[in-house]
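Novice: Here's a structure for you.
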Amino acid sequence: MSLHLEAEILELTTRHPFLIARGGQALHHTVWVRVRDDDGCVGWGEAAPTTYYGETPETVLAALNVYAAQLPHDPFELEVAERALKNALGENPAARAAVSTALHDLVGKRLGVPLYRLWGLDPKATPISTFTIGLDTSDKMRAKVLEAEPYPVLKVKLGTNRDEEILRTIRGATDKELRVDANCSWTRKQAIRMLPVLEEFGVTVLEQPLPAHDRDGLAAVTRAARMPVIADESCLVASDIPPLVGAVDGINIKLAKCGSLREALRMIAVARAHGMMVMVGCMIESSIGITAAAHFTPLVDIVDLDGAALLAADPFVGATIDRGRIVLPSGPGLGVRAR
Ligand code: MG
């Protein structure tokens, strides 16, 4: 059997410009990857590149050119295939994750089983996903809180010079559980000063308060915090986890950082071996990328898979969110179809 790879850039628009501490915009580009076998069976994947991690749609397409020549003859050789991609061209995690996802989708389709079933997971054990309120004016954030009515848990992006005001605005508009992501933007001093403020507003999870490299600082914040502190930008792959033991309470897995579904599962195993919490997050991406990550959510504690829910129009239908809870599709492989 031989496998063929096709790729196409997708243009995705969020309902509101999606702003975090590093900036942001309304127009996002991802890359739709299709791996086709001789029988005409096609697996789908999606690369959600971010310049923060060194990727753009153009670098993804260039990397996919390299990866197209590395596809296994047998799509079931997932471990071998993922290693071959990494050896051919390391880094490029979003591009590799797309190929990994497409191969997993193909395998599931050939077997006629959904991915969660291939992994032996209970589709009813998916956690509640947060819905993110991006940075905006107070009026617009109040409107976003109203729009987020179906979601029981909100994630608030901070890292501005008006963080306390943002929390007060959102808390004034809702009683819902709030989690905070500072996206690396606080200093140690600012983070320690913000802790009682976060407590006052009932924040239950704090994600990446400090710059990615500041492990000692994270440890100090974690010691002082009453809520769990989760590493996102500090933790890309499984080997990043042991050095973070004791510095944070948990890690945030994203396919666009770790580069493959099998690496995501390894990250869960490593984190659990160290007694750490596991979160899964996403970029702005369509239901292809979101559904790939959704299939392993029965194994994690915290879910932030709102990337497709933030879109004005998602070209695909896959995992959905029902009153916050992730609902996995029952079709084979990813179970994603065109809308
Ligand atoms: Mg984050």
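Novice: With the checklist (1) on the phi < 0 side of the Ramachandran plot; (2) surrounded by 13 or more Cβ atoms within 10 Å (Cβ to Cβ); (3) modelled with pLDDT under 95 in hand, flag the one item His29 doesn't pass.
Specialist: With respect to (1) on the phi < 0 side of the Ramachandran plot; (2) surrounded by 13 or more Cβ atoms within 10 Å (Cβ to Cβ); (3) modelled with pLDDT under 95, His29 is out only on (3).
Novice: Filter region 119-136 down to the residues that are more than 19 Å from Glu149 (Cα to Cα) and out of contact with any His (no Cβ under 8 Å at 6 or more places or on another chain), then identify the one that is surrounded by the most Cβ atoms within 10 Å (Cβ to Cβ).
Specialist: Applying the first criterion (more than 19 Å from Glu149 (Cα to Cα)) to region 119-136 yields 119-126.
Narrowing the set further to residues that are out of contact with any His (no Cβ under 8 Å at 6 or more places or on another chain) leaves 120, 122-126.
On the way: Gly120: 7, Asp122: 11, Pro123: 18, Lys124: 9, Ala125: 13, Thr126: 25.
The extreme case among them is Thr126.
Novice: Given (1) in a helix (DSSP H, G or I); (2) surrounded by 15 or more Cβ atoms within 10 Å (Cβ to Cβ); (3) more than 19 Å from the chain's Cα centre (by Cα), where does Tyr116 come up short, assuming only one miss?
Specialist: The single condition Tyr116 does not satisfy is (3).
Novice: Against the definition (in contact with a helix residue (DSSP H, G or I) (Cβ under 9 Å, 6 or more places away or on another chain) and over 30 Å from Arg96 (Cβ atoms)), how does Ala224 come out, yes or no?
Specialist: On the way: in contact with a helix residue (DSSP H, G or I) (Cβ under 9 Å, 6 or more places away or on another chain): yes; over 30 Å from Arg96 (Cβ atoms): yes.
Judged against the criteria, Ala224 is a match.
Novice: Hey, another quick one. I'd like the full set of residues that are within 17 Å of Leu19 (Cα to Cα) and either over 25 Å from the mean Cα position of the chain (by Cα) or of a type in the set (Phe, Trp, Tyr) (or both), limited to region 143-163.
Specialist: Once the filter is applied, which keeps residues that are within 17 Å of Leu19 (Cα to Cα) and either over 25 Å from the mean Cα position of the chain (by Cα) or of a type in the set (Phe, Trp, Tyr) (or both), region 143-163 yields Asn161, Arg162.
So that you can scan it fast, the table gives a plain yes or no per residue for (1) surrounded by fewer than 17 Cβ atoms within 10 Å (Cβ to Cβ); (2) of a type in the set (Asp, Glu); (3) assigned to a helix (DSSP H, G or I); (4) modelled with pLDDT of 95 or more:
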{"residue": "Phe76", "(1), (2), (3), (4)": "yes, no, no, yes"}
{"residue": "Glu82", "(1), (2), (3), (4)": "no, yes, yes, yes"}
{"residue": "Ser100", "(1), (2), (3), (4)": "no, no, yes, yes"}
{"residue": "His104", "(1), (2), (3), (4)": "no, no, yes, yes"}
{"residue": "Val107", "(1), (2), (3), (4)": "no, no, yes, yes"}
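Novice: Which is at pLDDT 95 or above, crowded, with 18+ Cβ neighbours inside 10 Å, touching an Asp or Glu at 6+ places or on another chain (Cβ under 8 Å) and not assigned by TED's automatic domain parsing to the domain that holds Ile284, of Leu10, Leu71? Don't jump to the end; show me each part of the working.
Specialist: Details: Leu71 fails: touching an Asp or Glu at 6+ places or on another chain (Cβ under 8 Å).
From the options Leu10, Leu71, the qualifying one is Leu10.
Novice: Quick check, is Arg96 assigned to a helix (DSSP H, G or I) and surrounded by fewer than 24 Cβ atoms within 10 Å (Cβ to Cβ)? Give the derivation first.
Specialist: On the way: assigned to a helix (DSSP H, G or I): yes; surrounded by fewer than 24 Cβ atoms within 10 Å (Cβ to Cβ): no.
For Arg96, the condition - assigned to a helix (DSSP H, G or I) and surrounded by fewer than 24 Cβ atoms within 10 Å (Cβ to Cβ) - is not met.
Novice: Okay, moving on. Give, as residue ranges, the strands (runs of 3 or more DSSP E) completely inside region 215-310 that count at least 1 residues that are more than 12 Å from the chain's Cα centre (by Cα) and either away from the ligand (no atom under 16 Å from the Cβ) or surrounded by fewer than 21 Cβ atoms within 10 Å (Cβ to Cβ) (or both).
Specialist: On the way: elements: 229-231, 250-253, 277-280.
By residue number, 277-280.
Novice: Within region 161-189, how many residues are within 20 Å of Leu305 (Cα to Cα) and more than 15 Å from the ligand (Cβ to nearest atom)?
Specialist: Going through region 161-189 one residue at a time, the tally reaches 2.
Novice: For region 191-214: of the residues being among the β-branched types (Val, Ile, Thr) and surrounded by fewer than 18 Cβ atoms within 10 Å (Cβ to Cβ), which is nearest to the ligand (Cβ to nearest atom)? Break it down stepwise before answering.
Specialist: From region 191-214, those among the β-branched types (Val, Ile, Thr) are 192, 197, 203-205; that's our starting set.
Among the residues that remain, those that are also surrounded by fewer than 18 Cβ atoms within 10 Å (Cβ to Cβ) are: 192, 197, 204.
Details: Ile192: 20, Val197: 19, Thr204: 15 Å.
The qualifying residue nearest to the ligand (Cβ to nearest atom) is Thr204.
Novice: List every residue pair whose Cβ atoms lie under 7 Å apart, where the two residues are 6 or more positions apart in sequence or sit on different chains, the first residue falls within region 231-254 and is at pLDDT below 95, and the second residue, located anywhere, is among the hydrophobic types (A, V, I, L, M, F, W, C) and away from the ligand (no atom under 12 Å from the Cβ).
Specialist: none
The values are calculated or read from the model by the stated rules, or taken from the named source; none is laboratory data. Not measured: the values here are computed from a predicted model. Neighbour counts are summed over all protein chains in view; Cβ atoms, including those assigned to glycine, are modelled from backbone coordinates with ideal geometry.
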